[in-house]
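**Q** The structure under discussion is supplied below as structure tokens; questions concerning it will follow.
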Amino acid sequence: MAFIKETFGVVFTVSGLHKWLHRNGFSYKKPKGRPHKVDLEKQAEFIKEYETLKKDVGPDEPILFMDSVHPTQATKISYGWIRKGKEKDVNTTASRTRLNIVGAIQLENLSNTISEQYKTINGESIIHFMNKAREQFSEGKQIHLIMDQAGYHIAQTVKDEAKELNINLVYLPAYSPNLNPIERLWKVMNEHVRNNRFFKNAKDFKDAINLFFDKTLPEIGDDLATRINDNFQKLNPAL
């Protein structure tokens with residue numbers, strides 16, 4: 001209101017300004033955060049290289065997107081539909097209990113997502129996970145594994161093991177979670193397991209996470225293609 005008055009010499013009441021904003025296509029929402037170090041040119045280069053990879057891969061050569069996630073037992077309060085004039089209370093806990101999960105998805109087969117939990121995620125656990133992924137696919141066929149440039153992903157021991165396993169490591173540009181579709185899977189996981197849900201102890205929390213990967217995801221995977229795909233979000237240049 002102060003900005004409009006100072007800039008245009010027009011005075012609004014609060015309710016009047018709300019009505020004007022709605023009439024003219026405005027909505028009240030938060031801006032989206034974006035890593036300030038993102039390199040848009042490198043993102044464009046990656047997308048081009050990825051499209052070439054998709055065209056050139058041989059039969060039965062899977063392209064996997066891999067990432068790790070660290071869900072916590074702490075209650076995750078989220079938006080939901082609640083009748084007007086009513087309040088909805090959710091028990092909360094600030095427990096720091098967390099799980100360390102590594103996952104990999106094949107966009108054409110989301111129901112068979114590969115996942116594993118680790119005490120900690122480091123080069124050793126990534127090597128273990130790559131061996132697990134190798135077991136899922138035809139022996140001898142190259143696997144193309146796309147992931148970010150976390151320190152344990154670019155470790156020489158990981159690169160050496162990938163070569164032994166005939167896994168082609170493809171690294172995302174730095175600060176580019178928008179180019180990794182598995183990030184959308186973590187959002188689906190939260191919707192089914194964590195949003196507005198209270199866990200009284202660590203066992204209940206872990207059981208709920210396990211249930212999602214062992215039962216829920218295999219059942220709903222085929223329906224997630226419209227949400228989890230390679231229609232990458234393109235970031236706009238900074239203002």
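The values are calculated or read from the model by the stated rules, or taken from the named source; none is laboratory data. Just so it is clear, the model here is predicted, and its values are computed rather than measured. Cβ sites come from the backbone with ideal geometry, for glycine too, and all protein chains shown count toward neighbours.
**Q** Among Ile47, Ile121, which is modelled with pLDDT of 95 or more, within 25 Å of Leu179 (Cβ to Cβ) and in a helix (DSSP H, G or I)?
**A** Unique residue meeting the criteria: Ile47.
**Q** Something else about it: Within segment 115-122, identify whether any single residue is farther than 30 Å from Asn166 by Cβ and either touching a strand residue (DSSP E or B) at 6+ places or on another chain (Cβ under 6 Å) or of a type outside the set (A, V, I, L, M, F, W, C) (or both), and answer yes or no.
**A** No, the conditions are met nowhere in segment 115-122.
**Q** Restricting to segment 140-190, name every residue that is surrounded by fewer than 18 Cβ atoms within 10 Å (Cβ to Cβ), of a type in the set (D, E, K, R) and over 12 Å from the mean Cα position of the chain (by Cα).
**A** Residues satisfying the conditions are Lys141, Lys159, Asp160, Lys163, Glu164.
**Q** Which residue pairs have Cβ atoms under 8 Å apart, sit 6 or more places apart or on different chains, and have a first residue in segment 215-226 that is on the phi < 0 side of the Ramachandran plot and a second that is surrounded by fewer than 14 Cβ atoms within 10 Å (Cβ to Cβ) and part of a loop (DSSP other than H, G, I, E, B)?
**A** Once the first residue is on the phi < 0 side of the Ramachandran plot and sits in segment 215-226, its partners that are surrounded by fewer than 14 Cβ atoms within 10 Å (Cβ to Cβ) and part of a loop (DSSP other than H, G, I, E, B) give Gly221/Asn109.
**Q** Output the residues belonging to segment 153-174 that are in contact (Cβ under 8 Å) with a residue 40 or more places away in the chain and β-branched (Val, Ile, Thr).
**A** Correct list: Val170 only.
**Q** Given the criterion in a loop (DSSP other than H, G, I, E, B) and either on the phi > 0 side of the Ramachandran plot or hydroxyl-bearing (Ser, Thr, Tyr) (or both), identify the matching residue among Ser111, Ser95, Ser115.
**A** Ser95
**Q** Here's something else I'd like to know. Could you check segment 30-57 and list, in sequence order, the residues that are polar (S, T, N, Q) and either crowded, with 18+ Cβ neighbours inside 10 Å or at positive phi (or both)?
**A** Matches in segment 30-57: Gln43 only.
**Q** Here is a further query. Within segment 168-192, can you find the residues that are within 17 Å of Ser115 (Cα to Cα) and in contact with a strand residue (DSSP E or B) (Cβ under 9 Å, 6 or more places away or on another chain)?
**A** Listed by number, the residues that qualify are Asn180, Pro181, Ile182, Glu183, Leu185, Trp186, Met189, Asn190.
**Q** Could you tell me whether segment 58-69 includes any residue that is hydrophobic (A, V, I, L, M, F, W, C) and loosely packed, with under 12 Cβ neighbours inside 10 Å?
**A** No, because not a single residue in segment 58-69 is hydrophobic (A, V, I, L, M, F, W, C) and loosely packed, with under 12 Cβ neighbours inside 10 Å.
**Q** Scan segment 174-204 for residues that are closer than 25 Å to Asn122 by Cβ and touching a Leu at 6+ places or on another chain (Cβ under 7 Å) and report the count.
**A** 3
**Q** Still on this structure, I have one more. What residue, of Asp67, Asp89, Asp39, Asp60, is in contact (Cβ under 8 Å) with a residue 12 or more places away in the chain and over 22 Å from Glu183 (Cβ atoms)?
**A** Asp60 is the lone residue from the list that is in contact (Cβ under 8 Å) with a residue 12 or more places away in the chain and over 22 Å from Glu183 (Cβ atoms).
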